[in-house]
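The values are calculated or read from the model by the stated rules, or taken from the named source; none is laboratory data. From a predicted model like this one, the values you see are computed outputs, not experimental measurements. Heads up, the Cβs are rebuilt from the backbone with ideal geometry, glycines too, and the neighbour counts pull from every protein chain shown. Protein only, heavy atoms only, side chains kept; ligands, DNA and RNA dropped before computing areas. Shrake-Rupley method; radii C 1.70, N 1.55, O 1.52, S 1.80 Å.
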Amino acid sequence: MSDLKVDVTNLQKSYGENHVLKGIDFKVKNNEVVVLIGPSGSGKSTLLRCLNRLEEPTSGSIVIDGQDISSKGTNIDKARENIGMVFQHFNLFNNLTVGENIMLAPVELGKLDKDEAKYVSENLLETVGLADKFDAMPNSLSGGQKQRVAIARALAMKPDIMLFDEPTSALDPEMVGDVLEVMKELAKDGMTMVVVTHEMGFAKEVADRVVFMADGHVLEEGSPKEIFDNPQNERTQSFLEKVI
Ligand code: ADP
Ligand code: MG
């Protein structure tokens with residue numbers, strides 16, 4: 001058994017004429033935190049969404065935990081149960097309480113019965129600092145609180161990898177820290193994570209590896225120190241000058 005959690009080889013994705021991913025090789029080890037950076041439109045979200053087949057790859061292979069998720073025989077619903085995803089815009093169900101949002105998937109998919117799910121949800125809410133919000137409606141929460149609920153909801157399925165697509169980009173600045181703190185704790189606990197973010201402080205502190213994408217290619221990758229202190233590629237250099 002390899003220690004690769006994610007093994008993407010020569011991934012190509014086009015939307016019609018728009019060739020977005022142009023041969024991506026992307027690997028994530030167990031317990032590794034990879035931060036994916038790059039200019040808007042470079043294909044970061046598309047790559048993330050291909051990993052759980054929210055997008056259908058045009059060609060190439062995506063192996064997660066030794067299982068080729070693009071092969072016909074793969075049960076993608078089963079594979080997705082182990083892949084948590086957190087989006088920029090939370091995507092909570094606004095007609096359900098916070099607790100119901102978190103309990104929904106594990107109960108519907110038969111992973112937990114209702115009592116277990118309630119217990120797990122309460123614990124997760126405590127972990128993300130929202131122990132008193134079980135019965136609250138999402139619309140009564142701030143953006144940062146909503147995002148922490150979204151993280152708890154993803155964790156309720158006990159995923160072994162978490163994908164974050166700009167989880168703090170839609171938040172007011174004062175909300176960003178609490179969400180990053182929850183993500184840091186997750187990383188500390190050994191969660192395998194792929195994080196698309198413009199929070200370079202988070203990348204420096206938490207990432208094991210930083211991957212720079214532009215125009216559908218991975219142009220450079222390395223430790224945070226390598227990428228931030230001594231970027232080799234001209235595109236990486238000019239990107240970092242703009243964002244830091
Ligand atoms: P990033 O996340 O790095 O900003 P995206 O993966 O969102 O980049 O987008 C890369 C390119 O793919 C853009 O040109 C975008 O317009 C296009 N694209 C993304 N999603 C879709 C979609 N669902 N349908 C058509 N084109 C899309
Ligand atoms: Mg994006």
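Please identify every one of the chymotrypsin sites (Phe, Trp or Tyr not before Pro) in segment 75-132 that sits in a loop by DSSP and has no more than 16 other beta carbons within 10 Å of its own beta carbon.
F93
In segment 188-244, which trypsin sites (Lys or Arg not before Pro) fall in coil by DSSP and have 13 or fewer other Cβ atoms within 10 Å?
none
K114 to H198: FRET efficiency via 1/(1 + (r/R0)^6), r the Cβ-Cβ distance, R0 51 Å, to the nearest 0.05? Intermediate results must be reported in sequence, preceding the final value.
Details: r = 39 Å, r/R0 = 0.77.
FRET efficiency, K114 to H198: 0.85.
Kirkwood hydrodynamic radius of segment 131-244 from all distinct Cα pairs, in Å?
Taking the inverse mean of 1/r over all distinct Cα pairs, segment 131-244 comes out at 15.5 Å.
Taking 25 Å as R0, compute the FRET efficiency from the Cβ-Cβ separation of N31 and L104 and round it to 0.05. Provide the component values of the computation, followed by the final result.
Working: r = 28 Å, r/R0 = 1.12.
Result of the calculation: an efficiency of 0.35.
Explain nothing, just the number: relative contact order of segment 89-158, from Cα pairs under 8 Å at least 6 residues apart, as a whole percent.
47
Per 10 Å bin, what percent of the C-alpha pairs of the chain does each bin hold, from zero upward?
Histogram of Cα-Cα distances, whole percents per bin: 7, 31, 35, 21, 5, 0.
Express the relative contact order of segment 91-244 as a whole percentage, based on alpha carbon pairs under 8 Å and six or more residues apart in sequence.
Here the relative contact order equals 17 percent.
Give the residue from S71, G177, M162 lying farthest towards the positive end of the charge dipole for segment 50-193; charges sit on Cβ (+1 for Lys and Arg, -1 for Asp and Glu) and the dipole is referred to the Cα centre.
Final value for the positive-end residue is S71.
So which aspartates and glutamates can K118 reach, going by Cα to Cα under 16 Å and dropping same-chain residues fewer than 8 places off?
Of all the aspartates and glutamates, those that pass the test against K118 - Cα under 16 Å, at least 8 places apart if same chain - are E100, E108, E126, D132, D135.
Segment 49-103: which trypsin sites (Lys or Arg not before Pro) are DSSP loop and have at most 14 other beta-carbon atoms within 10 angstrom? Mind dumping the intermediate values first?
Numbers: sites: R49, R53, K72, K78, R80; in loops: R53, K72.
Counting only loop positions with at most 14 other Cβ atoms within 10 Å, the trypsin sites (Lys or Arg not before Pro) in segment 49-103 are K72.
Pop a pseudo-label 7 angstrom from the Cα along the beta-carbon direction at both N95 and E122 and give the gap in nm to one decimal.
Once both label points are built, they end up 2.8 nm from each other.
What is the magnitude of the charge dipole of the chain about its Cα centre, with +1 placed on the Cβ of each Lys and Arg, -1 on the Cβ of each Asp and Glu, and no other charges, expressed in debye to the nearest 20?
Working: 26 positive and 39 negative charges, 88 e Å.
Roughly 420 debye, rounded to the nearest 20.
With every protein chain left in place, what is the accessible area of E234 in Å² (1.4 Å probe, nearest 10)?
About 150 Å², rounded to the nearest 10.
Suppose all protein chains stay in the model; what accessible area per residue would a 1.4 Å probe give for the chain, in Å²?
47
Taking R0 as 45 Å, what FRET efficiency do you get between T9 and E181 from their Cβ-Cβ distance, rounded to the nearest 0.05?
Approximately 0.85, to the nearest 0.05.
Using a basic spin-label model with each label point 7 Å from the Cα along Cα→Cβ, how many nm lie between S59 and S223?
Modelled inter-label distance: 3.8 nm.
So, in nm, how far is label S40 from label Q67 when the simple model puts each one 7 Å beyond its Cα toward the Cβ?
3.7
Please calculate the 1.4 Å probe accessible area of D113, with all protein chains present, and give it to the nearest 10 Å².
The value for D113 is about 80 Å².
Mind checking which lysines have their Cα closer than 19 Å to the Cα of K114? Skip sequence neighbours fewer than 8 apart in that chain.
Answer for K114, where 19 Å is the Cα cut-off: K133, K158, listed by chain and number.
Could you give the alpha-carbon Rg of segment 89-158 over 2.2 N^0.38 Å, rounded to two decimals?
0.96
Just the number, please: carbon plus sulfur as a percent of the accessible area of the chain, 1.4 Å probe, no ligands or DNA/RNA counted.
46
As a check on your grasp of the helix formula, calculate [θ] at 222 nm for the chain: sum -39500 (n - 2.57) over DSSP H runs of n ≥ 4, divide by the residue count, round to the nearest 500.
Helix-only estimate at 222 nm: -11000 deg cm²/dmol.
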